[in-house]
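Okay, so here's the structure we're looking at.
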Amino acid sequence: MFTKSNLIKASLIGLFQIVCLTILFACCHSYIKEIISENLIKREADLSPVKNDVGLTKIDWAQVKESKPEHVIGGVYLDRIQDFDILHSRWSYEFYAWFKWNPRKINFINLKDSVKGAINAENAPVRILNGSIEHIATHSFYINSAGDSAYVLFRITGSSTKLFDISEYPLDNYLLMIQLESVSYDVNQVAFVPDSANSNVSTRVSVNGFEVDKNFILSKPHTLRSSLGDPRKIQSERNTHSQLRFALFIKRGGISIYLKVFVTLYIAALLGFLSFFAADSDKIRVIVGSLFFAAATLNIIISRIPSTSGISVAEIVNDISLVTILLIAGRETFMKYVFRHNPQLNTLNKWITFVITFIFYVSINVSIPVICLNSLG
C-alpha cells in the first residue's frame, strides 16, 4: 500500500510532466498549422491573377492598368515529367504550347519560326521564367485567308529551378509551375489570355511517390526590379511582362508514405517504452539502442531532403521521439537516483511517467499526420 505522502509527491511530479508535455504538444501543433497556413496563402497567391506573389517583387499594377496590349491566346498541354529532383531543386518536362493572335496587329513570332521543325532555343518567341528551354520545335502553323488570325503549336522540352518547401515532408504537396513570357514584348504590347478549355495534363504524367492532382492555367503580370537600362524608359520605370502560368498540384500518397518513413523511429520509441519492463541491468542498454534507432532515422530523413533553415514535419516527429526517449532515460537515471532511498515513490514515479509519456507520444503521433492530411484535401 502506497503512503499518502508518496502519492501526493508522485502526483505533483506527474502534474509537472503533464504541463511540460502539454506545452510541447501545443508548440508543435501551432508550428505545423502555421507552416501549412503560410504554404496555403502562398499557393493561393500563385494562382491568383490579381494578387502579388508572396516574397517576390510586387507587380506594377499602375503600369498594367495603363497598358493597352494586344491579346495573345495561349495554352499548355503537359505531356511528360522527365525528372523530379527535390534534393537538387529541379524538375524537367515536355509540353505543347500554342498561341493564337492577330498578325495584322502584332508580329508575335518571326515567319521563319512558322516553318515546321526545330528552331534555336535562343530565337524562341517565349522564355521559361526560372528555367530554360532545352529544345523547341514548331509542330503546326496556320494563318487564315483573311490574314487576321494566326495559330502556332510548339513542342518544348525544358526544365525549371524550384526551391521546394519541404516543411510538410513527408506529407508534403507541391505546386509545379511552367511560367512563359514573351521575349520581345512587354505588358504594353502583349497580354496573354489563357486557353482554359484546351489546356490539360496527359495521363502519362507521373511523379514517383506523388499523386498528380488538379491543374490550372492563368495569365498574370510579372514585374522586374529594373528597367534593364533601356534608354527609352526613365530610370525609375520597371519592366513588366504578361506571363502565361501553367500550374500542376502533386501530393504524397497518404498515410502509407508517412508510416514508411517513420517505421524505424516507432520501433526506436517502442524499445524505449519496453525499457520500463526490462530488468534493471538491461534498462540502459535498451534505451541506448532506441536512441541509435532514432538517430539512424534522422540521418535517413536528412539524406532525402535539401538543406534548409526551416524545420520539417519529419524533423519535428523525430525530435519528439528523441525527447520522449531522453525523458525515459532521465527517469531511469536521474529520478531513480533521487528516489533511491524511497523505493515506493520510485515505483510510483516509474509507472506515472510511463502512462503520461505513452499517452503523449501516441496522441501527438496520431494528430500530426491528421493535420497534414487534412491540408492535402
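With the crude spin-label approximation of a point 7 Å out along Cα→Cβ, what separation in nm comes out for residue 351 versus residue 326?
2.9 nm
What FRET efficiency do you get for residue 4 and residue 333 if R0 is 30 Å and r is their Cβ-Cβ distance, rounded to the nearest 0.05?
0.60
Starting from the 7 Å offset along Cα-to-Cβ, what nm value, one decimal, do you get for the label separation of residue 213 and residue 132?
3.1 nm
What are the ³J(HN,Hα) couplings of region 259-273, residue after residue, when phi is run through the Karplus curve with 6.51, -1.76, 1.60 and θ = phi - 60°? Round to Hz, x for glycine and proline.
5, 5, 5, 9, 4, 5, 5, 5, 5, 4, 5, 4, 4, x, 6
Report, to the nearest whole %, how much of the accessible area of the chain belongs to carbon and sulfur atoms, 1.4 Å probe, protein only.
Carbon-and-sulfur percentage of accessible area, whole number: 60.
If you average the sequence gap of Cα pairs under 8 Å that are 6 or more apart and divide by the length of region 105-164, what percent do you get for the contact order?
It comes to 32 percent, rounded to a whole number.
Taking the Cα centre of region 243-344 as origin, work out the dipole magnitude from +1 charges on Lys and Arg Cβ and -1 charges on Asp and Glu Cβ, in debye rounded to 20.
300 debye
With a ≥ b ≥ c the root eigenvalues of the C-alpha gyration tensor of region 56-98, is it rounded (a/c under 1.5), prolate (a/b larger than b/c) or oblate?
The shape class here is oblate.
Give the shape of region 297-374 as rounded, prolate or oblate, defined through the alpha-carbon gyration tensor: a ≥ b ≥ c are the square roots of its eigenvalues, a/c under 1.5 means rounded, and otherwise the shape is prolate if a/b is larger than b/c and oblate if not.
Because a/c hits 1.5 or more and a/b fails to exceed b/c, region 297-374 counts as oblate.
Simple spin-label model, 7 Å along Cα-to-Cβ: residue 54 to residue 264 in nm?
3.3 nm
Given a 10 angstrom Cα cut-off, can you work out which residue in 138, 240, 308 is the most mobile in a GNM of the chain?
308
Would you please give the residues with an amide H less than 5 Å from that of residue 108, counting only those at least 5 places away or on a separate chain, with H modeled from the backbone geometry?
When sequence neighbours closer than 5 places are left aside, there are no close amide H contacts.
Given a Förster distance of 22 Å, report the FRET efficiency between residue 68 and residue 225 from their Cβ-Cβ distance, rounded to the nearest 0.05.
Plugging the Cβ-Cβ distance into 1/(1 + (r/R0)^6) gives 0.35.
Who wins for biggest fluctuation among 141, 154, 16 in a Gaussian network model of the chain, springs between alpha carbons below 10 Å?
Maximum among the listed residues: 16.
Return the calculated 222 nm mean residue ellipticity for the chain, to the nearest 500 deg cm²/dmol, obtained by summing -39500 (n - 2.57) across DSSP H runs with n ≥ 4 and dividing by the residue count.
One gets -13500 deg cm²/dmol as the mean residue ellipticity at 222 nm.
Indicate the gyration tensor shape class of region 62-129 (rounded, prolate or oblate), computed on the Cα atoms with a ≥ b ≥ c the square roots of the eigenvalues: a/c under 1.5 is rounded; otherwise a/b larger than b/c is prolate and the rest oblate.
oblate
Hey, with R₀ at 22 Å, roughly what FRET efficiency would residue 151 and residue 203 work out to, going by the Cβ-Cβ distance, to 0.05?
For residue 151 and residue 203, the calculated efficiency is 0.30.
If contacts are Cα pairs under 8 angstrom and at least 6 residues apart, what is the relative contact order of the chain in percent?
19 percent
Calculate, for the chain, the solvent-accessible area per residue in square angstrom, rolling a 1.4 angstrom probe over the heavy atoms of the protein chains.
Heavy-atom SASA per residue in the chain reads 51 Å².
Search the structure for amide H atoms under 5 Å from the amide H of residue 149, placed 1.01 Å from N in the peptide plane, and list their residues when 5 or more places away or on another chain.
Those qualifying (amide H under 5 Å, at least 5 residues apart or on another chain) are 144.
Identify, among 99, 3, 71, the residue whose Cα sits farthest towards the positive end of the charge dipole of region 1-107, taking +1 on the Cβ of Lys and Arg and -1 on the Cβ of Asp and Glu, with the dipole about the Cα centre.
So the residue furthest toward the plus end is 3.
Taking the Cα centre of the chain as origin and charging only Cβ (+1 Lys, Arg; -1 Asp, Glu), how large is the dipole, in debye to the nearest 20?
580 debye
What is the local net charge at residue 180, summed over the other residues whose Cβ is closer than 13 Å to its Cβ (Lys, Arg +1; Asp, Glu -1)?
Here the count lands on +1.
Once the other residues with Cβ under 13 Å from the Cβ of residue 41 are scored (Lys, Arg +1; Asp, Glu -1), what is the net sum?
Its environment carries a net charge of -2.
The values are calculated or read from the model by the stated rules, or taken from the named source; none is laboratory data. Remember, it's a predicted structure, so these values are computed and weren't measured experimentally. Using ideal geometry, Cβ is built from the backbone for each residue, glycine included, and neighbour counts are taken over all protein chains shown. Only protein heavy atoms, including side chains, enter the accessible area calculation; ligands, DNA and RNA are left aside. Shrake-Rupley method; radii C 1.70, N 1.55, O 1.52, S 1.80 Å.
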